[in-house]
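Participant: Encoded as structure tokens, here's the structure I'll be asking about.
The values are calculated or read from the model by the stated rules, or taken from the named source; none is laboratory data. Just so it is clear, the model here is predicted, and its values are computed rather than measured. All Cβ positions, glycine included, derive from the backbone under ideal geometry; neighbour counts span all protein chains shown. Please note that ligands, DNA and RNA were not included when accessible areas were found on the heavy atoms of the full protein model with its side chains. Shrake-Rupley method; radii C 1.70, N 1.55, O 1.52, S 1.80 Å.
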Amino acid sequence: KRDKRLCHYMGDYCSRSINLGFAKICIQHAETYCSFNSKMGRIINEAARAQLAGLNWGSPEHPSCNGLTVGQFQSLNFAQIDFSDFYSDIQAQGLDQSGAPSRANALVHGYFQQ
């Protein structure tokens with residue numbers, strides 16, 4: 001999901017340490033991400049946490065990757081959200097129009113034959 005840009009990076013933290021009595025030594029670090037099922041979901045969640053007071057990501061050790069309530073979603077100012085990451089995916093895919101006329105013709109004929 002990270003490669004597809006479906007995640008929000010939270011940060012890293014010491015996930016395992018050794019206590020020597022006089023000091024702790026970190027022996028393992030972990031990275032934390034909030035992952036979403038779509039790029040649009042990630043974009044909207046990042047915008048919500050930037051726009052809405054009291055809504056945050058938590059910490060890398062204790063992430064808050066919760067979705068939005070209906071009220072939170074309704075209070076977003078969509079004019080302030082940068083959807084360019086999503087638009088670039090749509091433009092890159094484009095439409096395959098090579099077989100569109102024949103598919104449309106087959107659908108129309110199939111409809112009228114019923």
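Participant: Residue by residue through region 1-18, note down the ones that are surrounded by 14 or more Cβ atoms within 10 Å (Cβ to Cβ), of a type outside the set (A, V, I, L, M) and outside any strand (DSSP E or B).
Facilitator: Listed by number, the list holds a single entry, Arg5.
Participant: Further, regarding this structure: Ala47: aliphatic (A, V, I, L, M) and surrounded by 14 or more Cβ atoms within 10 Å (Cβ to Cβ), yes or no? Before you say what the answer is, go through the steps one by one.
Facilitator: Values: aliphatic (A, V, I, L, M): yes; surrounded by 14 or more Cβ atoms within 10 Å (Cβ to Cβ): yes.
Yes; evaluated as a whole, the condition is true for this residue.
Participant: Right, something else. Limited to region 19-51, what total is found for residues that are assigned to a strand (DSSP E or B) and under 9 Å from the mean Cα position of the chain (by Cα)?
Facilitator: Filtering region 19-51 down to residues assigned to a strand (DSSP E or B) leaves 19, 24-35.
Of the ones still in play, those that are also under 9 Å from the mean Cα position of the chain (by Cα) are 34-35.
Going through region 19-51 one residue at a time, the tally reaches 2.
Participant: Oh, and also: Name the single residue, out of those in region 3-12 being of a type outside the set (A, V, I, L, M, F, W, C) and modelled with pLDDT of 95 or more, that is farthest from Asp85 (Cα to Cα).
Facilitator: In the first step, residues of region 3-12 are kept if they are of a type outside the set (A, V, I, L, M, F, W, C); the result is 3-5, 8-9, 11-12.
Filter once more, keeping what is modelled with pLDDT of 95 or more: 8-9, 11-12.
Working: His8: 13, Tyr9: 16, Gly11: 21, Asp12: 24 Å.
Within region 3-12, the match that is farthest from Asp85 (Cα to Cα) is Asp12.
Participant: Given Ile18, Ile43, which one is aliphatic (A, V, I, L, M) and free of Cβ contacts under 8 Å to residues at least 12 places away in the same chain?
Facilitator: Ile18
Participant: Can you tell me which of (1) hydrophobic (A, V, I, L, M, F, W, C); (2) touching a Cys at 6+ places or on another chain (Cβ under 7 Å); (3) at pLDDT below 90 is the one Cys65 doesn't meet?
Facilitator: That leaves (3) as the condition not met.
A quick yes/no check of all residues on (1) in contact with a helix residue (DSSP H, G or I) (Cβ under 6 Å, 6 or more places away or on another chain); (2) surrounded by 15 or more Cβ atoms within 10 Å (Cβ to Cβ); (3) among the aromatic types (Phe, Trp, Tyr):
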position	(1), (2), (3)
Leu20	no, no, no
Arg42	no, yes, no
Ser59	no, no, no
Pro63	no, yes, no
Leu68	yes, yes, no
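Participant: Filter region 84-102 for residues that are modelled with pLDDT under 75, open to solvent by 100 Å² or more (accessible area, probe 1.4 Å) and assigned to a helix (DSSP H, G or I) and give the result.
Facilitator: Those that are modelled with pLDDT under 75, open to solvent by 100 Å² or more (accessible area, probe 1.4 Å) and assigned to a helix (DSSP H, G or I): Gln91, Gln93.
Participant: Find all pairs meeting these conditions: Cβ atoms under 9 angstrom apart; at least six residues apart or on different chains; first residue within region 27-39 and farther than 13 Å from Ser64 by Cα and open to solvent by 90 Å² or more (accessible area, probe 1.4 Å); second residue of a type in the set (S, T, N, Q) and at pLDDT 95 or above.
Facilitator: none
Participant: Could you list, in sequence order, the residues of region 13-34 that are modelled with pLDDT of 95 or more and either in contact with a Phe, Trp or Tyr (Cβ under 6 Å, 6 or more places away or on another chain) or among the small types (Gly, Ala, Ser) (or both)?
Facilitator: If the condition is that a residue be modelled with pLDDT of 95 or more and either in contact with a Phe, Trp or Tyr (Cβ under 6 Å, 6 or more places away or on another chain) or among the small types (Gly, Ala, Ser) (or both), then Ala30, Tyr33 are the ones that fit.
Participant: Within region 73-83, how many residues are within 16 Å of Glu46 (Cβ to Cβ), of a type outside the set (A, V, I, L, M, F, W, C) and either exposed (fewer than 10 other Cβ atoms within 10 Å of the Cβ) or in contact with a helix residue (DSSP H, G or I) (Cβ under 6 Å, 6 or more places away or on another chain) (or both)?
Facilitator: 2
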